[in-house]
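Below: the structure, in structure tokens.
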């Protein structure tokens with residue numbers, strides 16, 4: 001027991017010392033505002049720090065307070081989030097912020113049961129806000145933290161299992177020195193991001209290398225144990241970039257996705273799934289694309305193939321073939337309200353998934369060069 005306690009004290013004190021000396025200057029560390037920390041933690045899920053920083057600055061400039069985000073139209077929030085992906089994060093954040101405004105007078109709660117009840121706030125996010133903003137000794141266990149703990153304490157359980165996360169949350173509670181929760185949890189995250197990295201960890205410059213059980217056992221590159229996830233399901237999709245004719249000359253057709261499900265309420269180019277055989281056969285693929293738009297009464301004439309694109313979700317991989325077309329109807333029929341004709345200048349007013357932004361930007365650049 002004594003050895004275990006000594007090992008934990010060594011780890012905690014060395015890690016804190018390292019963090020206080022080497023921590024990065026990040027915009028959400030400028031103060032302890034729980035709202036700013038909350039936004040950063042949501043953005044940082046599945047996204048690298050360097051990628052997040054410019055988005056964070058723009059988002060906070062547009063929505064600097066709880067009230068500003070709570071009162072904003074969802075379309076503005078999604079547009080500000082555009083490019084970060086995982087758009088349910090933005091929707092859940094806004095819903096939760098509205099809950100804070102209505103239930104807690106716009107003050108982010110500092111009690112575990114209250115903050116955990118907010119939309120989209122799981123154990124990690126709750127722990128991060130409570131510890132970093134309020135210095136409460138709550139664990140904030142993410143992938144970086146689980147990797148660090150697995151290596152230093154030679155934890156060989158699968159980190160994808162909820163039971164393993166519980167073990168690590170309990171361990172973090174033991175490791176946090178009194179009064180240092182804010183710095184210590186950030187130290188764990190920072191250390192995993194900068195030193196104890198997934199591949200080629202910097203063991204020779206590691207401040208805790210002398211007592212790292214994973215390194216001493218020669219297992220540091222094997223840890224953490226993580227069961228491989230199923231590969232994403234492949235879907236072939238035919239995309240139509242439709243230029244208007246007649247009254248809609250100079251406009252493109254976009255549509256809004258359904259209120260629920262994948263990429264809910266975001267805007268996109270019309271597209272449809274085709275089977276793998278048709279995806280290989282160019283004539284069949286084009287025919288399916290043309291026929292598939294009959295549901296809105298849109299007759300289209302293919303003009304040229306544009307660049308293929310790929311978009312990977314956590315569970316689906318879209319392989320997209322893009323066809324530039326011209327619409328033979330100048331107006332949309334009644335009942336097709338989810339479709340909209342927009343000018344090239346108006347395209348920027350709508351929020352799109354990244355892959356459709358890529359397609360549209362390439363098209364606009366091409367058309368502009370032709371002009």
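This structure gives Rg and Dmax of the Cα atoms in Å, computed directly, and of [x] 22.2, 76; [y] 21.1, 69; [z] 24.9, 83 that value is listed as [z].
Protection proxy ranking of 33-44, 114-125, 225-236, by the mean of other Cβ atoms within 10 Å over each peptide's residues and highest first, is 33-44, 114-125, 225-236.
List the relative contact order of the chain as a percent without decimals, with contacts defined as Cα pairs under 8 Å and 6+ residues apart. Don't skip to the end; give the middle numbers.
On the way: 545 pairs, mean separation 56.7, N = 371.
After rounding, I find 15 percent.
One decimal place: the segment residue 88-residue 197 gains 36.5 nm when fully extended, by the rule 0.36 nm per residue minus the C-alpha distance.
Prolate is the label for segment 135-245, because the ratio a/c of its alpha-carbon gyration tensor axes (a ≥ b ≥ c) is 1.5 or higher and a/b is greater than b/c. Once the C-beta distance of residue 107 and residue 51 is scaled by a Förster radius of 35 Å, the resulting FRET efficiency is 0.70 to the nearest 0.05. Normalising the average separation of contacting C-alpha pairs (under 8 angstrom, six or more residues apart) by the number of residues puts the relative contact order of segment 2-216 at 23 percent. Compared with the direct C-alpha span, the chain from residue 365 to residue 304 gains 20.4 nm at full extension, assuming 0.36 nm per residue.
Provide the percentage of antiparallel DSSP beta bridges, counting only those with both residues in the chain; round to the nearest 5.
On the way: 21 of 32 bridges.
Looking only at bridges with both residues in the chain, the antiparallel portion is about 65 percent.
Rounded to the nearest 10 degrees, the angle from helix 2-22 to the longest Cα principal axis of the chain is 50 degrees.
The long axis of helix 34-44 is offset from the longest Cα principal axis of the chain by roughly 70 degrees.
Before anything else, pin down the relative contact order of segment 107-231: Cα pairs under 8 Å, at least 6 apart, normalised by residue count, whole percent. Please report the intermediate quantities before stating the final value.
Values: 153 pairs, mean separation 36.9, N = 125.
Dividing the mean separation by the residue count of segment 107-231 yields 30 percent.
At full extension, residue 275 and residue 5 could sit 91.3 nm farther apart than now, given 0.36 nm per residue minus the alpha carbon distance. Across all Cα pairs in segment 2-216, the calculated P(r) in 10 Å bins from zero up to the longest distance comes to 8, 34, 34, 18, 5, 0 percent per bin. To the nearest ten degrees, helix 354-370 and the longest principal axis of the Cα atoms of the chain are 50 degrees apart.
Any read-out appearing in this document is the output of simple, stated calculations on the displayed coordinates, not a laboratory observation. Source: prediction; values computed, not measured. Please note: Cβ atoms are built from the backbone with ideal geometry, for glycine as well, and neighbour counts cover all protein chains shown.
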